[in-house]
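Asks: Quick one: the structure is below, questions incoming.
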Amino acid sequence: MSPLAITVVSGPTDDVRALVSELEEVLSAEYPAEQRHGLSLDAIFGPHVRFFIASVAGAAVGCGGVALFDDFAEVKRMYVRPSARGTGVARAVLERLEAEARGAGLSTVCLETGTKQVDALRLYRRYGFTDCAAFGAYAQMSPHKIVASIFLSKTL
């Protein structure tokens with residue numbers, strides 16, 4: 001495999017739009033709108049979010065962001081194209097997101113994913129994430145909006 005590059009992106013490029021659209025296609029086929037909690041394209045580039053693209057030989061193959069809050073970081077919009085799965089891309093993106101959280105002085109990374117995201121759950125658990133209670137804004141949501149959610153956290 002060609003060298004993998006993980007680069008920060010400061011706005012919604014064509015690659016970002018394509019990757020987020022692919023992710024949204026997958027999620028919308030599995031969950032109703034009220035049970036999907038991904039950031040919008042505008043929110044991905046908010047001041048407290050760092051967003052990254054993973055590329056191999058110049059071709060975008062994955063993405064992920066980390067939202068930085070006062071007492072924790074949250075993984076957002078992590079996705080790897082099926083053709084690049086199993087090649088270390090997801091691990092590399094996750095490591096970069098964790099490094100961003102550490103660099104911001106945070107010691108906990110959390111995430112929300114869906115019950116049907118079996119591969120994602122396996123990946124996160126393999127890299128030290130464990131089940132936790134709903135956190136942040138999720139803790140305030142009505143139960144029917146998070147019925148298909150699984151919450152995970154990791155101490156850095």
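Asks: Express in nm, to one decimal, how much length is gained between residue 147 and residue 122 on full extension, taking 0.36 nm for each residue of separation and deducting their alpha carbon distance.
Replies: 7.1 nm
Asks: Moving on to the next point. Rounded to the nearest 500, what is the 222 nm mean residue ellipticity of the chain from helices alone, with -39500 (n - 2.57) per DSSP H run of 4+ residues and division by all residues?
Replies: -9000 deg cm²/dmol
Asks: Moving on. For the stretch 1-105, what does the relative contact order come out to in percent, with C-alpha contacts under 8 Å and a separation of six or more?
Replies: After rounding, I find 28 percent.
Asks: Can you tell me the Rg and the Dmax, both Å, for the Cα atoms in the stretch 1-112?
Replies: Calculated on Cα positions, Rg and Dmax stand at 13.5, 39 Å.
Asks: Per residue, how big is the convex hull of the stretch 1-52 when only Cα atoms are used? Give it in Å³.
Replies: Working: hull volume 5.3 nm³, N = 52.
Enclosed volume per residue, from the Cα hull, is 102 Å³.
Asks: Okay, moving on. Can you send over the solvent-accessible area of residue 72, 1.4 Å probe, protein chains only, in Å² to the nearest 10?
Replies: 30 Å²
Asks: Additional query: For a quick check of understanding: with a 1.4 angstrom probe and all protein chains in place, what accessible area in square angstrom does residue 44 have, to the nearest ten?
Replies: Its accessible surface works out to 0 Å², give or take rounding.
Asks: Still on this structure, please answer the following. Bins of 5 Å, beginning at zero and ending with the bin holding the largest distance: percent of Cα pairs per bin for the stretch 25-69, please.
Replies: Bin by bin from 0 Å, the calculated values are 5, 18, 20, 19, 23, 12, 3, 0.
Asks: With springs only between Cα atoms under 10 Å, which of 62, 38, 88 fluctuates most in a Gaussian network model of the chain?
Replies: Sorting by GNM fluctuation, first place goes to 88.
Asks: Also: Count charges around residue 91 for me, please; just the other residues with Cβ under 14 Å from its Cβ, Lys/Arg as +1, Asp/Glu as -1. Show your work: numbers first, answer last.
Replies: Values: positive: 85, 96, 122, 125, 126, 154; negative: 95, 98, 119.
With Lys, Arg at +1 and Asp, Glu at -1, the net is +3.
Asks: Still on this structure, I have one more. Averaged per residue, what accessible surface does the stretch 1-120 expose to a 1.4 Å probe, in Å²?
Replies: Per residue, the stretch 1-120 has an accessible area of 47 Å².
The values are calculated or read from the model by the stated rules, or taken from the named source; none is laboratory data. Since this is a predicted model, take the numbers as computed values, not measurements. Glycine gets a Cβ as well: all are built from the backbone with ideal geometry, and neighbour counts include every protein chain shown. Side chains included, ligands, DNA and RNA excluded: accessible areas come from the protein's heavy atoms. Shrake-Rupley method; radii C 1.70, N 1.55, O 1.52, S 1.80 Å.
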